[in-house]
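A.B. asks: Got a structure for you, written out below as structure tokens; questions coming shortly.
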Amino acid sequence: MDWLKNDVALITGANSGIGRAVLRRFIAEGASGVGVLIRNGAQADAMREEFGDRIAITVGDVRSPDANEEAVRATTKAFGKLDTMVGNAGVWDHFASLRKFDGATAKATFEEVFAVNVLGYLLAAHASAPALRETNGSMIFTLSNASFYAGGGGPVYVASKHACVGLIRQLAYELAPDVRVNGVAPGGTVTPLKGPESLGKADRLLSDIPGFSDAVAEAVPLGFIAQPEDHTGHYVLLASRENSRATTAEIIQSDGGWEVRGRPARRA
Ligand code: NAP
């Protein structure tokens, strides 16, 4: 349990779901401190209660260059360095399909989802790269089964998560040999992932969709829907210099086997 002994990380969207599970696991693996970028200041007290002075909280929106820079500053000020940046904050499109969009809603949804899911990762990479160069550290981004396959959302979400594959590859190329850049691609997971304001779904949670867990479990060969904790070992592996120093531009799929799920039955 000490694969990240004395390491310092920064995680976006660490108040909830997969980000919070990664935060807990990094601390359990010996990280000396973790910066967190969260958008809702009301969550800060509960986070301080659980993690005390092991975390440095920045409240801000991942779409803001200033918020990302402030998060890196706050992390390095509190803990002296940065070894791993985990870009994780995201929104989902609630399966908003092309035929249900009017043009204006399609544009607004695209702009909002790409701004959070893609621009947010780009800005986190931009803000953290100088500090990561100093430590020969790494970036890890949360992707999705929707980074590789259709059906994990509507066209906007799926395109945004595919775009992040390109982001990882290009950043891995540009930042080598100093900084490794990798991803973890979860499949359906029990979290309160929210929708976009542009679709009026900012408070609609993935986990509240009736039958979602059963549908995921039935769709994947391993036959269960993941909990956030099920993915965290992959982040630890990719963050660990000792255990993955030769790995960059890699994306670990943690999705119950989408690659081998066969063709889903078509509804009549
Ligand atoms: P989650 O618990 O809702 O986590 C998403 C996090 O992103 C939350 O902390 C949320 O903050 C934050 N966030 C959203 N928009 C933000 C913004 N503009 N600025 C700052 N923070 C923002 O859901 P999750 O499932 O763990 O999602 C984490 C990642 O996993 C996402 O990238 C998602 O696409 C990916 N993923 C999820 C699944 C799944 O089935 N759950 C599957 C594949 C991939 P609030 O809590 O304040 O809303």
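A.B. asks: Report, ordered by the first and then the second residue, all pairs with beta carbons closer than 6 Å, sequence separation of six or more or different chains, a first member in the range 62-78 that is in contact (Cβ under 8 Å) with a residue 24 or more places away in the chain, and a second member that is of a type in the set (D, E, K, R).
C.D. replies: Pairs that qualify, where the first residue is in contact (Cβ under 8 Å) with a residue 24 or more places away in the chain and the partner is of a type in the set (D, E, K, R), are Ala67/Asp61.
A.B. asks: Follow-up. Pairs please, first residue from the range 181-192 and hydrophobic (A, V, I, L, M, F, W, C), second anywhere and at pLDDT below 95, Cβ atoms under 7 Å, 6+ apart in sequence or on different chains.
C.D. replies: Sorted first by the residue in the range 181-192, then by its partner, the pairs are Val190/Ser207; Val190/Ser213.
A.B. asks: Would you confirm whether any residue within the range 64-74 is among the charged types (D, E, K, R) and crowded, with 21+ Cβ neighbours inside 10 Å?
C.D. replies: Looking through the range 64-74, none of the residues is among the charged types (D, E, K, R) and crowded, with 21+ Cβ neighbours inside 10 Å.
A.B. asks: Could I ask something else about it? Which count do you get for residues in the range 208-220 that are crowded, with 16+ Cβ neighbours inside 10 Å and farther than 25 Å from Arg25 by Cα?
C.D. replies: 2
A.B. asks: I'd like the residue in the range 101-115 that is within 10 Å of the ligand (Cβ to nearest atom) and touching a residue at least 60 places away in the same chain (Cβ under 8 Å) and, out of all such residues, is nearest to Glu29 (Cα to Cα).
C.D. replies: Filtering first and then ranking leaves Val113.
A.B. asks: Out of the range 168-197, which residues are within 19 Å of the chain's Cα centre (by Cα), more than 14 Å from the ligand (Cβ to nearest atom) and of a type outside the set (A, V, I, L, M, F, W, C)?
C.D. replies: Arg169, Gln170, Arg180, Asn182, listed by residue number.
A.B. asks: Does at least one position in the range 128-138 carry a residue that is in contact with a helix residue (DSSP H, G or I) (Cβ under 9 Å, 6 or more places away or on another chain), more than 25 Å from Asp230 (Cα to Cα) and among the basic types (Lys, Arg)?
C.D. replies: yes
A.B. asks: It is to be established whether one or more residues within the range 193-206 are at pLDDT 95 or above, in contact with a helix residue (DSSP H, G or I) (Cβ under 9 Å, 6 or more places away or on another chain) and within 29 Å of Asp2 (Cα to Cα).
C.D. replies: No, because not a single residue in the range 193-206 is at pLDDT 95 or above, in contact with a helix residue (DSSP H, G or I) (Cβ under 9 Å, 6 or more places away or on another chain) and within 29 Å of Asp2 (Cα to Cα).
A.B. asks: Something else now. Go through Gly200, Gly223, Gly154 for me and flag whichever is over 15 Å from the mean Cα position of the chain (by Cα), crowded, with 16+ Cβ neighbours inside 10 Å and among the small types (Gly, Ala, Ser).
C.D. replies: Gly154
A.B. asks: May I pose another question? Within the range 138-150, work out how many residues are closer than 11 Å to Gly187 by Cα and out of contact with any Cys (no Cβ under 7 Å at 6 or more places or on another chain).
C.D. replies: Going through the range 138-150 one residue at a time, the tally reaches 6.
A.B. asks: Which is under 19 Å from the mean Cα position of the chain (by Cα), in contact (Cβ under 8 Å) with a residue 12 or more places away in the chain and more than 25 Å from Val165 (Cα to Cα), of Ile57, Ile18, Ile11?
C.D. replies: Ile57
The values are calculated or read from the model by the stated rules, or taken from the named source; none is laboratory data. In this text the structure is predicted, and so the values were computed from the model without any measurement. Don't worry about glycine lacking a Cβ; one is built from the backbone with ideal geometry, like all the others, and counts go over all protein chains shown.
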